[in-house]
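See structure below.
The values are calculated or read from the model by the stated rules, or taken from the named source; none is laboratory data. Nothing here was measured: the structure is a model prediction, and the numbers come from that model. Please note: Cβ atoms are built from the backbone with ideal geometry, for glycine as well, and neighbour counts cover all protein chains shown. Ligands, DNA and RNA are excluded from the accessible area calculation, which covers all protein heavy atoms including side chains. Shrake-Rupley method; radii C 1.70, N 1.55, O 1.52, S 1.80 Å.
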Amino acid sequence: MKVFLVYLALCLCTACEANILYERTVTVVFPPTHQWQKASHTPLWATLVYTDGRGNLKHVHIPKGQYSCEVVIRRDCLTVFCVYPLSYLYPYGGFYVPSGTKTVSLTQEKGALAKLLLDNYSYNPEAVSNINAPYLDSLIGDASLVDGKALVLSLLNGVDEQIVPYEKMVITLSELPQGYWVPERESQKPFWSYWGKEAALLTEGGVQRFLNREDSLCITLFVDLKNQKYLMSLRQSPFW
C-alpha cells in the first residue's frame, strides 16, 4: 500500500510540472531596462522562443511589465533561449546547459549568438543541442560582428573554418528628421539629429533600429559588415 501511495504521489507531481527523470522547470529572466522602454516610460511586451530538444521551437507570450517566465525543458541537452521585445526587436539571449541552475538570465550580449542558433535549430537539432554554448560565447563574444553563415557551417557541419570578427562600421546619415534617436541595442548610444547636419553612427552587423519617440518614427538599418554596405528605411514607430 505504501509503495502504491509513493508511486501515485510521484505520478501526480510529474503530471503537474515536469517528468522529473527527463525534464525540469527553469525560470527565465531578463532585465527591465530596455532603452525603448526608458524612452517611452511604457513597458514592452515580449515573446520568449526556446529550443525543446526535439527539433521544435516553443513560443511563450510575456505580458507588459513581466520579466520572468517558468518553462519546462529537457535535462540532458542544451536549451537556447531568446526573448524578443515586441516579438521582433533585438533579443536577449541565454542558455541552459545540463546540470545548470534553475534560473537562466538572458542578456543582449548573448542575444546575437542565441538568435543564430535558434534560426538554424531546425536544420540540425542534434548538433545545436550538443554545442557547448557558454564556451562558444566566450570565444566569439559579440556574434553580430562575425560571418553568421560561416559560423553555422563550422558548428553544424563540422567544418574547420576560422571565424574572424569584423570591425564595426561607421555610417553617416543625412537629411534625418530632427530629434532624439534611441537604439534598441544596449551596446549603442542615443544621438541627436539636426536639420542640415549629418549624424555618424557606429554600427554592428544585422538589423538595428533607432526610435524617435517624440515624432513616432523609427530608423531601421541592415548592415553588412563583410561587404561594408547597408540599407536604411524610415517608418512610423511601432505601437505598444
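For the range 204-232, filtering for residues that are closer than 26 Å to T42 by Cα and among the polar types (S, T, N, Q) leaves 4. All of D147, D142 fail the test of being within 14 Å of the chain's Cα centre (by Cα) and modelled with pLDDT under 95, apart from D142.
If you check L48 against the conditions, is it part of a strand (DSSP E or B) and either more than 13 Å from the chain's Cα centre (by Cα) or modelled with pLDDT of 95 or more (or both)? Yes. The residue that is surrounded by the fewest Cβ atoms within 10 Å (Cβ to Cβ), among those in the range 51-63 that are touching a strand residue (DSSP E or B) at 6+ places or on another chain (Cβ under 9 Å) and in contact (Cβ under 8 Å) with a residue 40 or more places away in the chain, is R54.
Exactly one residue among S105, S87, S99, S68 is of a type in the set (S, T, N, Q) and at pLDDT below 95, and that residue is S99.
Note on the range 98-217: enclosed strands (runs of 3 or more DSSP E) holding 1 or more residues that are touching a strand residue (DSSP E or B) at 6+ places or on another chain (Cβ under 6 Å) and open to solvent by 60 Å² or more (accessible area, probe 1.4 Å) are 103-105, 169-173, 179-183, 191-193, 199-203.
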